[in-house]
Amino acid sequence: MFSLLVLSGAASLSTRAAQTAPARAADADAAKERRLRWFREAKFGLFIHWGLYAVPAGEWKGKPVPGIGEWIMNRAQIPV
């Protein structure tokens, strides 16, 4: 009797979850659209900075430096 009660409760919960999944997907799509609209309207962009530390390609003052980008600058202690 107890196992029948547990199984019916589990079945009830799984059908409720299945019924709300499309609603959650629609909410997620709407939220994504709002964020993208804000991004476009704000004219927000990304800026990638390339400094002297990006040019050496793993070498500074003739010595190999492990890493890439800012890590080369950090490890080789390249001044700003």
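Pairing each residue of the stretch 62-79 that is of a type outside the set (A, V, I, L, M) with any residue that is in a loop (DSSP other than H, G, I, E, B), provided the two are 6+ apart or on different chains, yields C-beta distances under 8 Å for Pro64/Gly58; Pro66/Gly58; Gly67/Gly58; Asn74/Gly67; Arg75/Val65; Arg75/Pro66; Arg75/Gly67. Count of the stretch 41-55 residues, restricted to those that are at pLDDT below 85 and either charged (D, E, K, R) or touching a helix residue (DSSP H, G or I) at 6+ places or on another chain (Cβ under 6 Å) (or both), is 2.
The values are calculated or read from the model by the stated rules, or taken from the named source; none is laboratory data. This is a predicted model, so every value here is computed, not measured. Please note: Cβ atoms are built from the backbone with ideal geometry, for glycine as well, and neighbour counts cover all protein chains shown.
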